[in-house]
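Read the structure below first, then the notes.
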Amino acid sequence: MITELKEIVDIKFGFQGQPDANGDVAYFQVKQFNDDGILINDIDEKIKVTEKAEVHLLQRWDVLFVAKGNRLFAWCYADDSIPAIASSSFFVLRPKSSSKIDSNYLAAILNAPQYKKALLQLGGGSNILSIRKPELESFEIPLIPMEKQKLVAKIASLHESEVAIRKRIIERKQDIYKSFISNII
C-alpha cells in the first residue's frame, strides 16, 4: 500500500536557536552527521531548554530529516537517554502510530536512492535543495507489513555498518601505505 507521509507521521520544523555552552540538552545540527546521514561525533553542541524550546524536545523514534542545504538524509533518534532538540535545518517526523510505521524503516526508505532521487526532484529548481513542508507531507512511500518494515530497517542498518567498516579498512590501508612509503624514502 502506498501512503502519503502526512497519513502516518506528524511533521514539524526543528527549533531555531543558538547553541549555548551552558545548555541543558544536545542540539542536533547537520554538521554533526556525515554525508550518509550517520552521526559522526559526540554531540558537543548544547542548547538551553526554554519554554519555547521545550515543545521541541525529541521523543524516542522521531526521525530527523534534512530537506534543505547540500545534503539529504533521514536519521532515527532511537536513544532517548540523551535529551535533545533538532535544529531548524531538520524536519522532525513523529510516527502517529508505532504499529503502522517503524521509524528505522521510515529513515531507511527516505535514505534509499530511488526515494532520494524523487525527493531531490521535489526540492529542485535551484542549486540549493529546499523541500517545503506541504511537499514532504504529500510525499508517498510504501507502507508494507510491520515484519517486512523491520526486515528492511535491519538490512539498511547492516549495510550502513558494512560501509562504515569498509571505509575504516580503506583509511587504515592508506595509513599503512603512507607509513611504508615514508620509511622507504
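Nearest 500 deg cm²/dmol is fine: what mean residue ellipticity at 222 nm does the chain get from its DSSP H runs of n ≥ 4 alone, each adding -39,500 (n - 2.57), divided by its residue count? Don't skip to the answer; put the middle values down first.
Numbers: 6 runs with 71 residues, N = 185.
Counting only the DSSP helices, I get -12000 deg cm²/dmol.
The peptide list 146-157, 76-87, put in order of mean Cβ contacts within 10 Å with the highest first, becomes 76-87, 146-157. Expressed to the nearest 5 percent, the antiparallel share of DSSP beta bridges inside the chain is 85 percent. Annotation: amide H-H contacts under 5 Å for Arg71 (H modelled 1.01 Å from N, sequence separation of 5 or more, or interchain): none. In sequence order, the range 140-152 has phi-based couplings of 9, 9, x, 9, 9, x, 4, 5, 6, 4, 5, 5, 4 Hz under the Karplus curve 6.51 cos²θ - 1.76 cosθ + 1.60, θ = phi - 60°, and Gly or Pro positions carry x.
Packing around the peptides 138-144, 20-26, taken as the average count of other Cβ atoms within 10 Å per residue, puts them in this order, highest first: 138-144, 20-26.
For Phe15, the residues whose amide H sits under 5 Å from its own are Ala86, Ser87, Ser88, ignoring neighbours fewer than 5 places away on the same chain, with H placed 1.01 Å from N. The length gained on full extension between Arg172 and Lys133, counted as 0.36 nm times the residue separation minus their Cα-Cα distance, comes to 9.8 nm.
In the elastic network of the chain, a GNM with C-alpha springs shorter than 10 Å, the most mobile of Leu106, Leu64, Leu136 is Leu136. Amide hydrogen proximity for Leu143: with H placed 1.01 Å from N in the peptide plane, the residues at 5 or more positions away or on another chain lying under 5 Å are Ile2, Thr3. Just checking the listed ones, Arg168, Arg132, Arg71: in the Gaussian network model of the chain with Cα springs under 10 Å, the one fluctuating most is Arg168. Computed from backbone phi, the HN-Hα couplings of the range 88-100 come to 6, 6, 10, 8, 10, 9, 10, x, 6, 8, 6, 7, 9 Hz, rounded to whole numbers (Karplus: 6.51 cos²θ - 1.76 cosθ + 1.60, θ = phi - 60°; Gly and Pro given as x). What the phi angles of the range 153-166 give under the Karplus curve with 6.51, -1.76 and 1.60, with θ = phi - 60°, is a coupling list of 4, 5, 4, 4, 5, 5, 4, 4, 4, 4, 4, 4, 5, 4 Hz, glycine and proline written as x.
No lab work stands behind these numbers, since they all come straight from the coordinates. Since this is a predicted model, take the numbers as computed values, not measurements. Cβ: placed from backbone, ideal geometry, glycine included. Neighbour counts: every protein chain shown.
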